[in-house]
Structure formats: C-alpha cells, structure tokens
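Enquirer: This is the structure I want to talk about, given as structure tokens.
The values are calculated or read from the model by the stated rules, or taken from the named source; none is laboratory data. None of these values were measured; they are calculated from a predicted model. No Cβ is skipped: glycine too gets one built from the backbone with ideal geometry, and neighbour counts run over all protein chains shown. The accessibility values were calculated without ligands, DNA or RNA, using every heavy atom of the protein model including side chains. Shrake-Rupley method; radii C 1.70, N 1.55, O 1.52, S 1.80 Å.
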Amino acid sequence: MVEENLPSSLAELSKEPPTVTNFSLDVELETINLSDDPNVQQPTSVNATLPPLEKAQLISLLKEYIDVFAWEYHEMPSLDPNLVAHALNMEVGAKPVVQPMQTFHPDIEAQIIQEIQKLLTAGFIKPFMHPKCLSNIVSVKKKNGQIRCCVNFRNLNKACPKDEFPLPNMDMLIDSAAGHAMFSFMDGFSGYNQIRMSS
C-alpha cells in the first residue's frame, strides 16, 4: 500500500482526527473565592462536577499563582510602550469620521460614567478635546445585569485593510483538546487595555 511507504508523521496525519466525546459547553460552574480574606472578593469559576481531590489541587494551584490574576484595573499596569505599542494600519486617504452624539437612559449613563471613571483613574484612557475622529459608546447588557462598555468602531474598521489571518475556528480549538485530562477557559481581563496605542 502507499501508506506503508509514508513517513510516520504523514501516516499519523492520514488517520482519523481525535474527537471529543461527552463534551458540552453547558458545564455546571461553581464560583469560588481565591482570597484567604473573606472581606476581599477574588472570584473565579471551576467545574462543579470535579472530583474533590482534583478541585482542591486546582484551587491550590490557582492560589499559588494568584499574583498573575487581576480583578480590578489598578491591579493591571499597562505594558511599557518601549516594549510594545499598537498602531493602526489605515488605508491611505481614509477620512476621519465624527459620529453624531448619542444619548442613553439615565441608569445606563450612570454605569457608563462609572466605567469611564475607572479607566481614567487607571490611566488607560485620557480626555481629548476637539477630536477629528469620534466613535460612540455601545452598551451591552451582561448576564448579571451590569453593562459592558464597547465602542462603535465600524467607521474605523472600514478605514483599515481586512485581516487575511482570522481567528482560529472554535471547533478546531475544542477538538485539539481531545485526550487531555483538563481543559481551562481563561478570560483575559481587559487584556487589550495593557497595550497602549501609539500617538
């Protein structure tokens, strides 16, 4: 057969890919507090169906490396701009767009102001008068009733070339976890705020 003459690495590729069995994204999660101080909340979620020994080992591991996690903006200092800075690759001749002012319900506006104040205090954003390009805030409601402040960058996206290398397919990422004993979904807490925009 032809397969017998293939190198072992290619022969392995010709086999059926591993599949995840009995895997569901609807996992029952248990929220635990990683802080030893009951007055300080440092919540994270673990699988509620983990065996007690595995759960204890996982919590112990998370507590050992607790200094790498952040729960507030002030715990997350930005990276040095000398190390990395993000610059937009805009099309030549693209014209800046000032989106018309948008109004919000007073309850939502209060939450937006609170979020902006946190970003100002942490130094992630700064006031800018008379901008040539202006994008509105878009409020997205979370499951817990709070809102997430997003920005309507549609005009800015149109002015930038399309990315030829999109993010990996989620099904491929999940299939690649086959055969492993544990799988972790890590949520980067506002990770984009750590890399400053070049001026």
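Enquirer: For segment 25-63, what are the residues that are open to solvent by less than 60 Å² (accessible area, probe 1.4 Å) and in a helix (DSSP H, G or I)?
Expert: Result: K55, A56, L58, I59, L62.
Enquirer: Within the set of pairs 6 or more residues apart or between chains, which connect a residue that is within 19 Å of S35 (Cβ to Cβ) inside segment 47-75 to a residue that is among the charged types (D, E, K, R) and assigned to a helix (DSSP H, G or I) with Cβ atoms less than 7 Å apart?
Expert: Y73/K118
Enquirer: Looking at segment 92-115 only, could you name the residues that are acidic (D, E), out of contact with any strand residue (DSSP E or B) (no Cβ under 6 Å at 6 or more places or on another chain) and either within 17 Å of S135 (Cβ to Cβ) or modelled with pLDDT of 90 or more (or both)?
Expert: E109
Enquirer: Filter segment 118-145 for residues that are surrounded by 13 or more Cβ atoms within 10 Å (Cβ to Cβ) and polar (S, T, N, Q); which is farthest from V98 (Cα to Cα)?
Expert: Ranking the candidates gives S139 first.
Enquirer: Out of all the residues in segment 64-101, which are under 16 Å from S184 (Cα atoms) and open to solvent by 80 Å² or more (accessible area, probe 1.4 Å)?
Expert: Y65, V68
Enquirer: Taking only pairs six or more apart or across chains, which ones have beta-carbon atoms under 6 Å, a first residue in segment 143-170 that is without any contact (Cβ under 8 Å) to a residue 12 or more places away in the chain, and a second residue that is assigned to a loop (DSSP other than H, G, I, E, B)?
Expert: Hits for this filter: R148/K142.
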